[in-house]
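Below is one structure, written out as C-alpha cells; comments come after it.
The values are calculated or read from the model by the stated rules, or taken from the named source; none is laboratory data. Keep in mind it's a predicted model, so treat the numbers as computed, not measured. Virtual Cβ from ideal backbone geometry, glycine too; neighbours counted across all protein chains shown. The area values use the complete protein model at the heavy-atom level, side chains included, leaving out ligands, DNA and RNA. Shrake-Rupley method; radii C 1.70, N 1.55, O 1.52, S 1.80 Å.
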Amino acid sequence: DIEKFPGYGTNMIQIEFGPSHIFPAEDKVTNNAVNEFIAVAERAAKSNVAVNLLLSPHYFPDWMLKKYPHLSRCNGGFLGFCIDAPESKSLMEKYLRTVIPQIKDLPALHSVCLTNEPMYTESRNCVYAQQMWHEWLKKKHGDITKLNQKYNSAYISFDEIAIPAPGLKAEPLFYDWCKFNNDRFAGWHKWMADIIHDLAPQLPVHAKIMIFNSVSNRDTAGWGIDPELFGELSQINGNDDYKFY
C-alpha cells in the first residue's frame, strides 16, 4: 500500500529486520530481508515516501544463544542477550557491516533506528557486566575507603560489590548502578552508531526510547536510559509514545 500513503497524508514509514534474518544458522547468510527492504525503498522513492530502517538487534539468532549459553545471562525488555560479550558484539558488527553498505545510498532512506524500546535491567549473572561495573566503581571512587564512607559500608575491595537486583532503591549503591548502566547502555548504542558512521558518515541514527524515560519516571531509573546520553550519540531525538483516549 505504499503508493497510497501520500493520499492519506503519510510520507514516512518504518520497516524492521534483525540479525536473525541475515544469519538464520551458524553456517548460513541470507540477503532476503535486505532485498525486500530495497524493493520497498525503490517503490517508496517513486511515491515520495521516506523509509526508516529499524535494525532490531532484539531479533537475535537462537543458534547463537544455544552455542554460547552465557549470552542469555542478561536481559531487559526486547533485548534477551548479553550486549557486552565479545561473541554478540562480533555478530552485531558483522550484521551492520553486511546491511549498511547495501542500503546507505537509497534515495528513500531517511535514517536507521538502532533499537526498539531499549531497556537493559538484568546483568547480575554476567561476568562481563560485573567486570565493567567494578572498573567503573574504581574509576569513580578511587579507593574502597571513599566508597565505604559514601555507602556506609565495609567492603574490602570493589570486586565484592555485587550488581543490585532490578527495582528502585533509595540508596547510594543503586544510584551508582543506574549511572553505570546508563553509561554502559548508551556506550553500546554509540558503538553501533560509530560502526554505521564508519560506513555511511552522513546517515542519521537514533533509538526509539520510550516516553517514560523522557519524563523522569522514577520507576524506570534502572532501565539504562539517559535521554541526554542518547541525544549525544544520535542525530534525531524522539520517543516511542502512545495516547489513551
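Table for the structure above
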{"quantity": "The range 16-92 - percent relative contact order, Cα under 8 Å, separation 6 or more", "calculated": "31"}
{"quantity": "Nitroxide proxy distance, nm - points 7 Å out along Cα→Cβ at Asp27 and Tyr155", "calculated": "4.7"}
{"quantity": "Largest-first principal axis extents of the Cα set of the chain (Å)", "calculated": "66, 47, 33"}
{"quantity": "Residues of the range 61-85 with amide N under 18 Å of the 7 Å Cα→Cβ point at Glu16", "calculated": "61-62, 75-83"}
{"quantity": "Per residue accessible area of the range 116-200, 1.4 Å probe, in Å²", "calculated": "50"}
{"quantity": "Candidates Asn35, Asn125, Asn152: whichever shows maximal mean-square fluctuation once the chain is modelled as a Gaussian network with Cα springs under 10 Å", "calculated": "Asn152"}
{"quantity": "Whole-percent carbon and sulfur share, accessible surface of the range 155-245, 1.4 Å", "calculated": "53"}
{"quantity": "Estimated inter-spin distance, Asn48 and Trp191, nm [label 7 Å along Cα→Cβ]", "calculated": "4.3"}
{"quantity": "Asn237-Trp63 pseudo-label distance in nm [points 7 Å out on the Cα-to-Cβ vector]", "calculated": "4.3"}
{"quantity": "Over the range 107-177, relative contact order from alpha-carbon pairs under 8 Å, at least 6 apart, %", "calculated": "31"}
{"quantity": "Computed [θ] at 222 nm, deg cm²/dmol, the chain (DSSP H ≥ 4; -39,500 (n - 2.57); rounded to nearest 500)", "calculated": "-13000 deg cm²/dmol"}
{"quantity": "Relative contact order computed over the chain (Cα-Cα under 8 Å; 6+ residues apart), in percent", "calculated": "19"}
{"quantity": "Listed pairs Lys208/Lys243; Lys190/Lys243; Lys4/Lys190; Lys46/Lys89; Lys179/Lys243 exceeding 25 Å between Cα atoms", "calculated": "Lys190/Lys243; Lys4/Lys190; Lys46/Lys89; Lys179/Lys243"}
{"quantity": "Those residues of the range 51-91 whose amide nitrogen sits under 20 Å from the label point placed on Glu36, 7 Å along Cα→Cβ", "calculated": "51-63"}
